[in-house]
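Engineer: Sending over a structure as structure tokens; questions will come in a sec.
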Amino acid sequence: MSTLQNFDRRRITGPDKSLPPVYDSSPSAADPLASPEPAERAHRSPSSVRPIFLQTGLIPSASGSTYLEQSSQKLVCAVYGPRQQPKAAGAGYSDRGTLTVSLKFAPFSSSRRRAPNRDAEDRQLSLRVQAALEPAVRAETFPKAGVDVFLHVLESDGLDALVCGAVLAASTALADAGVELLGLVVGCSAAWVGGRTWLDPSEQEARGARGVMGLTCLPALGTVASVWQTGELGLEEVEQMADECRRACDELHHLAVKVLLESAKKRLGRS
Amino acid sequence: MDDPTPSSSSSAKLDPEIYSRLHPRAYLERFLASSYRPSGRTPAASRPAQVHLGSISTADGSALARLGETTVVCGVKAELAEPDAGGERRGWVVPNLDLPAVCGARFRPGPPGEEAQVCSERLFELLIECKRNEVISLEELCIEPARAAWVLYIDLVCINYDGNAYDASVLAMLAALRNTRLPKARWDEDKKRVVCSRKERVPLRVQNLPIPSTFGIFDGQHLLADPNAFEEPLLDTLITVTLDDRGKVGVQLAGPAGVSGIDGSKVVGQCVQAARARRKELLRALDGT
């Protein structure tokens, strides 16, 4: 099987097998991974979300697009459509349009190289983003057609935070594309570390946490779109984390609205 | 005025954007008749180039290059492998361009399409072509002969496609390679593996900068520098002139090279001239950051 996988005519292939470098010293004391549950969070307060830069209209040929940068998390989102979809076998007529989300990692986007084609993770994350967006998109407004949301991750730091960033970028891009939404979907993740909630955990912080959860919601309607949770957590702990996530989501919602308003003003000024 | 298309009697009322979609050839012809292109450029004008270095911390070297709207991000990641039997003292360079579905409406998710494959192949050739003056010396990537060598995975992602992806990719690739710092590595004979220093990093030596300039010929009459995504599908011929540090010239030509009255070989000469000036501009963009 491995020889088959390595035989790829469509790409330039290197050696059959290569490994990431091995370093001499063990991780230094400054590494947060060294102690599993550090009491103090480095660089920011437990309830703070990393500062976000969000921009629309990066890709002029797309119906809508956004670029999101959140310290070492960078991703591009493009929305195409509503457009005609290739006919799926066996699919009959539907008076609802389809929404497809596909998230892809650039090979250099993680600390370990992601070889193309051998990644099941992106499929799973695509579904999580799709599940968060679906309650908001008014699919009945584009029957028979489809809206494609493509996300390309250039750099990532924490997968739960990535899903939340992707949801924010995608819902802003959908609005930028003029796709009718019931509201903007935003998301926030949290980790339970040392008896406290740390919002928007990085990869290392999430690994050191007892449990991690993510929540996406539509602050405009006050409804929750999706929730996921992993690890060993009590019900009260989850509740407390969810509350903090909700509060952070309100702020994220303000940010997305501001960005959209500014881009709409710019567009009106031009025409 | 001559009507270039049968439907142009009604074209006066047509929105220019719709007209450009329905009759792209006629649209471009009309612009070129007054020596301009729809983008506002003259036929000989290239788009401004921009390079930003090192924005991706998960890569060992990275760069973002823009040619007008075309944007390519390149990340270099180094891994270790055992050299092949045929080249015991050589490492690898593995360049791959991805034109993902985000970058334009005509790209679909899935394995790399024809254009991306051709482009990756050309990038690979560019890196290994000049045997004595390679961009990266493959021998220098060797850590211990027949035991271990670096593999440089040079992955390029186009995040906005507006034509001439090859020139933009080369720019991003060269900038990312110049930005690459490899951990200091030595072969540990006892452990039979390579040990890298966590603290010390050495810049990768880039010894040659071959820079391409692409031109297109439209309708056998107009030579267009640095074609964009609207012009690209209408061109009969693409000419890429690559100039390296020693002034060596490489020319890739696909299609008939004549331009109304001018001999094909002279057209290539003209392109080489223009490429010399363009190379200086692009080198400035590479150094400017």
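The values are calculated or read from the model by the stated rules, or taken from the named source; none is laboratory data. Values in this document were obtained by computation on a predicted structure and should not be read as measured data. Cβ atoms come from the backbone with ideal geometry, glycine included; neighbour counts cover every protein chain shown. Ligands, DNA and RNA are excluded from the accessible area calculation, which covers all protein heavy atoms including side chains. Shrake-Rupley method; radii C 1.70, N 1.55, O 1.52, S 1.80 Å.
Engineer: Accessible area of the protein assembly as shown with a 1.4 Å probe: how many percent of it is carbon plus sulfur?
Structural biologist: 51
Engineer: Does anything in the stretch A:112-137 have its amide N under 19 Å from the 7 Å Cα→Cβ label point of A:Asp95, and if so which residues?
Structural biologist: So the set is A:137.
Engineer: Turning to a different aspect of this structure: I'd like the FRET efficiency for B:Arg198 and A:Ala145, computed as 1/(1 + (r/R0)^6) with the beta carbon distance as r and R0 of 51 Å, rounded to 0.05. Spell out each step's value before the answer.
Structural biologist: Numbers: r = 53 Å, r/R0 = 1.03.
The value I calculate is 0.45.
Engineer: How big is the Kirkwood radius of the protein assembly as shown, worked out from every pair of different alpha carbons and given in Å to one decimal?
Structural biologist: Value: 25.8 Å, from the Cα pair sum.
Engineer: Hey, what number do you get for chain A at 222 nm if only DSSP H runs of n ≥ 4 count, each worth -39500 (n - 2.57), divided across all residues, to the nearest 500?
Structural biologist: Result for chain A, helices only: -9500 deg cm²/dmol.
Engineer: Students often forget the sequence filter, so: which lysines lie under 24 Å Cα-Cα from A:Lys258 once same-chain residues fewer than 8 apart are removed?
Structural biologist: A:Lys74, A:Lys266
Engineer: Another question, if that's okay. Would you list, by chain and number, the lysines whose Cα falls below 27 Å from the Cα of B:Lys191, excluding same-chain residues fewer than 8 positions away?
Structural biologist: List returned: A:Lys17, B:Lys77, B:Lys199.
Engineer: With an 8 Å cut-off on Cα pairs and a minimum separation of 6 or more residues, tell me the relative contact order of chain B in percent. Mind dumping the intermediate values first?
Structural biologist: Numbers: 556 pairs, mean separation 52.2, N = 289.
Value for chain B: 18 percent.
Engineer: Hey, another quick one. So what is the relative contact order of the stretch B:49-203, in percent, for Cα pairs below 8 Å that sit 6 or more residues apart?
Structural biologist: In percent, rounded to a whole number, it is 33.
Engineer: Let me ask you something else. Quick one: among A:Tyr93, A:Tyr80, A:Tyr23, which has the greatest mean-square fluctuation in a GNM of chain A with alpha-carbon springs under 10 angstrom?
Structural biologist: Fluctuation is largest for A:Tyr23.
Engineer: Each label point is 7 Å from the Cα along the Cα-to-Cβ direction; what then is the distance between the points at B:Arg205 and A:Leu235, in nm?
Structural biologist: 6.8
Engineer: Related question: Anything losing 20 Å² or more of accessible area from the isolated chain to the full protein assembly: pick those residues out of the stretch B:142-188, probe 1.4 Å, ligands and DNA/RNA ignored.
Structural biologist: SASA drop of 20 Å² or more in the stretch B:142-188: B:Tyr153, B:Asp155, B:Val157, B:Ile159, B:Asn160.
Engineer: Taking the Cα centre of the stretch A:125-271 as origin, sum charge times position over the Cβ atoms of Lys and Arg (+1) and Asp and Glu (-1), and report the length of that vector in debye to the nearest 20.
Structural biologist: Magnitude of the dipole: close to 660 debye.
Engineer: Compare the Cα positions of B:Val251, A:Ala191, A:Leu58 along the charge dipole of the protein assembly as shown (+1 at Cβ of Lys, Arg; -1 at Cβ of Asp, Glu; about the Cα centre) and return the one farthest towards the positive end.
Structural biologist: Selected residue: B:Val251.
Engineer: A further question follows. What whole-number value in Å² describes the accessible area per residue of the protein assembly as shown for a 1.4 Å probe?
Structural biologist: Details: 26950 Å² over 560 residues.
Roughly 48 Å² per residue, with all protein chains present.
Engineer: On the full set of protein chains, 1.4 Å probe, figure out the accessible area of A:Asp160 and give it in Å² to the nearest 10.
Structural biologist: We get 30 Å² for A:Asp160.
Engineer: Starting from the Cα-Cα distance between A:Asp243 and A:Leu182, subtract it from 0.36 nm times their residue separation and give me the gain in nm to one decimal.
Structural biologist: 19.7 nm
Engineer: Which of the cysteines in chain A are isolated, no other cysteine C-beta under 4.7 Å?
Structural biologist: Here A:Cys77, A:Cys164, A:Cys217, A:Cys249 come out as lacking a disulfide-compatible partner, given the Cβ-Cβ threshold of under 4.7 Å.
Engineer: Excluding residues fewer than 8 places away in the same chain, name every one of the lysines whose C-alpha is closer than 27 Å to that of A:Lys87.
Structural biologist: A:Lys104, A:Lys144
Engineer: Counting only C-alpha contacts under 8 Å and six or more residues apart, can you give the relative contact order of chain A as a whole percent?
Structural biologist: With pairs under 8 Å counted, the relative contact order is 19 percent.
Engineer: So what is the 222 nm mean residue ellipticity for chain B from helices alone, if each DSSP H run of at least 4 adds -39500 (n - 2.57) and you divide by all residues, rounding to the nearest 500 deg cm²/dmol?
Structural biologist: On the way: 5 runs with 71 residues, N = 289.
Calculated mean residue ellipticity at 222 nm is -8000 deg cm²/dmol.
Engineer: What is the local net charge at A:Gln229, summed over the other residues whose Cβ is closer than 12 Å to its Cβ (Lys, Arg +1; Asp, Glu -1)?
Structural biologist: In short, -3.
Engineer: Using unit Cβ charges (K, R positive; D, E negative) and no other charged atoms, how large, in debye to the nearest 20, is the dipole of chain B about its Cα centre?
Structural biologist: 940
Engineer: For A:Arg9, A:Arg112, B:Arg30, give me the order by solvent-accessible area with a 1.4 Å probe, most accessible first, ignoring ligands, DNA and RNA.
Structural biologist: Correct descending sequence by accessible area is A:Arg9, A:Arg112, B:Arg30.
Engineer: Quote the charge dipole size of the stretch B:24-120 about the Cα centre in Debye, to the nearest 20; the model charges only the Cβ of Lys and Arg (+1) and of Asp and Glu (-1).
Structural biologist: 700
Engineer: Given a Förster distance of 45 Å, report the FRET efficiency between B:Asp245 and A:Lys258 from their Cβ-Cβ distance, rounded to the nearest 0.05.
Structural biologist: 0.40
Engineer: Compute the separation of the alpha-carbon centres of the stretch B:188-235 and the stretch A:146-197 and state it in Å as a whole number.
Structural biologist: That distance is 32 Å.
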